Amino acid sequence: MTFLKGLFVFSISFIFVLLNGVNCIDIYHEWIVSIDTTINPLTSHQSVITINGMFPGPLINATTNDVVIVNVFNNIDESLLITWNGIQQRLNSWQDGVSGTNCAIEPGKNWTYVFQVKDQIGTFTYFPSINFHKVAGGYGPIRVNNRNVIAVPFPKPKDEFDLLIGDWFRTDYKSLRSSIQDKQSNQFFDIPDAILMNGKRPYDELSSSKNHKSFTVTKGMTYRFRISNVGTVMSFNFRIQNHKMVLVETEGSYTNQITLDSLDVHVGQSYSVLVTADQNEADYYIVATPKMFRSNETLEGIGILHYANSLTTVSGPVPDGPEPFDIAFSFNQAKSITWNLTTGAARPNPQGTFNVSNVTLAQTFILHGSKSEINGWPRYVVNNVSYFTPDTPLKLADMFVNGSGVYQLDQFPTHSVHDSASYGVSVVSGIHKGWLEIVFINDLDVMDSWHLDGFGFYVVGFGNGDWTPAARETYNIFDPVVRSTVQVYPGRWTAVYVFLDNPGMWNLRSQHLKNWYLGQQLFIRVFDDNPNPAKERKPPQNLLLCG
């Protein structure tokens, strides 16, 4: 059995090399996903999802074009899927790890993901995608490094740190999952109990506990912090006491470098910042405080930046950040994050070679995210349609029966809002190698963020109130940053362009877990009828069947 499994993995990775004609290595992981009740981030005997006993899970550290092989053993008592947030799965949505593309790994079973980080660099995460599992953990960091032949647009830092920050609840995930479907208790999920840094509770100077996150630095050295919001509800503002940050990368794109006192990071987003240890040798607060919420001490994520020769501990209040309800600050900062057109990234040619200054749009989707009720049940909707998850993954149905009996293509309204809320298996056509404009309109009174698997967004515009075609005159089509998750401010809109050059079945979703779980998602089917395997991978030999 071990021999056959190894033969399968070898054959798949060998095919990747042949098809792509690139130098790469295979990176093997064997993960045992379990429930642990002894970690206790906040509460005794709380269920935490661990990977190989770790919370957060292990780092996937790859280089552009490497083949990543992850054999996942499901030791929890529910079905499981892992998705690779921001990894584009070029020509290979079979490995995406969401309900529309994969059958779940059943309890006591295992399944091996095999995918290539093709033509990508950057900072990403992975997490469990079904059954509300993400609220219990199971997440971890992904780095995709430049190949040696491609220069990084800043000096090599002394070290790199992965910093996964997210909101956390004391209540067990199964109870939370039940409560969000009850309209009486649904709103309680919006207020978490703490913000954790790498799974650790906030620093407390009155406690003798050392159970907080600390990073040790050497005076005069520069460090790269890879910061990800792995939470489920809240955006946060990130800052380091008395230290400036230089923003250099976000979700696979090198940015024009800007110096910041603080950085807003929205649910599902990742950034890289450079921090130079240029202060007196002491300890300094690392702080994450929620946006759009009047903070209190329990909702301050606090870690420590510790200088190697420090004899001085932190004391007093944490450093102030921007006013949490100051949308203008966040809005203007978002517009200031732009693409570095002159540097290479995954390829030697400059990022700016791929630009949107003169594209012809093939499609436009106008998507309203909001909340509604269907038959008395609280649901989240897109254009008043709440996604209903069928038993059969859409990708399987697509292959075997052309979707028949599972979904009807293009029944979802991409330009209008239904008069009343309803369920639907929302699948829309994306024109292969066409440019798609998506306008996300947030009809909620809280922050939202949207993510598309398989692609990067060119973030061309942010605006107030109603979007009209005239708003295109305000778009940044010169150097819009490319990223996989974009924020949408309450009562406002965000516009993105996407080049649909990656055939497959791709999930477009809210990154806010409750919204996603209760229906704020759809799938884009990008179809190419060319059977050439260079266009889209055939299903893997270990394909699971269900439904």
Counting only C-alpha contacts under 8 Å and six or more residues apart, can you give the relative contact order of region 356-400 as a whole percent?
24
Search the structure for amide H atoms under 5 Å from the amide H of D159, placed 1.01 Å from N in the peptide plane, and list their residues when 5 or more places away or on another chain.
R224
About the Cα centre, and with charges only on the beta carbon of Lys, Arg (+1) and Asp, Glu (-1), how big is the dipole of the chain? Nearest 20 debye, please.
860
If you count, for each residue, the other Cβ atoms within 10 Å and average over each peptide, how do 382-388, 60-66 line up from highest to lowest?
382-388, 60-66
Just to confirm a number: summing +1 for Lys and Arg and -1 for Asp and Glu over residues other than H418 whose beta-carbon lies under 15 angstrom from that of H418, what do you get?
-2
Using the Karplus curve 6.51 cos²θ - 1.76 cosθ + 1.60 with θ = phi - 60°, what ³J(HN,Hα) values do you get for each residue of region 243-258, in whole Hz, with x for Gly and Pro?
10, 7, 10, 10, 6, 10, 7, 8, 6, x, 10, 6, 9, 4, 6, 10
Return, in residue-number order, each cysteine of the chain whose C-beta is not under 4.7 Å from any other cysteine's C-beta.
C24
XL table K109/K395; K174/K244; K109/K183; K174/K433; K158/K200; K109/K134; Cα-Cα > 30 Å flagged, in table order, is K174/K244; K109/K183; K174/K433
In region 404-496, which trypsin sites (Lys or Arg not before Pro) are in a loop and have at most 13 other Cβ atoms within 10 Å, using DSSP for the loop call?
K433
Going Cα to Cα from K371, which aspartates and glutamates come in below 20 Å? Please leave out same-chain ones fewer than 8 positions away.
D182, D190, D419, D443, D445, D448, D466
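Taking all protein chains in place and a 1.4 Å probe, what share, in percent, of the accessible surface of region 199-320 do carbon and sulfur account for? Show your work: numbers first, answer last.
Working: 2130 of 4670 Å².
That share works out to 46 percent.
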Taking every other residue with Cβ under 13 Å from the Cβ of S129 and scoring Lys and Arg +1, Asp and Glu -1, one gets -1
Give me, ordered by chain and number, the residues 5 or more places off E249 or on other chains with an amide H under 5 Å from its own placed amide H.
T255, S272
Of the accessible area of region 381-451, with the probe set at 1.4 angstrom, what percent is carbon plus sulfur?
48
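State the antiparallel share, in %, of DSSP beta bridges confined to the chain, rounding to the nearest 5. Spell out each step's value before the answer.
Details: 94 of 133 bridges.
The answer is about 70 percent antiparallel.
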Going residue by residue through region 408-417, the Karplus relation 6.51 cos²θ - 1.76 cosθ + 1.60 with θ = phi - 60° gives ³J(HN,Hα) values, rounded to whole Hz and with x marking Gly or Pro, of 10, 5, 6, 8, 7, x, 8, 10, 9, 10
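Taking only DSSP H segments of four or more residues, each worth -39500 (n - 2.57), what value at 222 nm results for the chain once the sum is divided by all its residues, to the nearest 500 deg cm²/dmol? Don't skip to the end; give the middle numbers.
Values: 5 runs with 49 residues, N = 547.
Using -39500 (n - 2.57) per qualifying helix, the result is -2500 deg cm²/dmol.
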How big is the charge dipole of region 360-446 about its Cα centre, in debye rounded to the nearest 20, if each Lys and Arg gets +1 on its Cβ and each Asp and Glu gets -1 on its Cβ?
200
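Could you please report the charge total around K219, scoring K, R as +1 and D, E as -1 over all other residues with beta-carbon less than 10 angstrom from its beta-carbon? All intermediate terms of the calculation are to be shown ahead of the outcome.
Working: positive: none; negative: D278, E281.
For residues surrounding K219, the net value is -2.
The values are calculated or read from the model by the stated rules, or taken from the named source; none is laboratory data. No experiment lies behind these values; they were computed from the predicted model shown. Every residue, glycine as well, gets a Cβ built from its backbone with ideal geometry; the counts of neighbours run over all protein chains shown. Just so you know, the surface numbers come from the protein's heavy atoms only, side chains and all, with ligands and any DNA or RNA stripped out. Shrake-Rupley method; radii C 1.70, N 1.55, O 1.52, S 1.80 Å.
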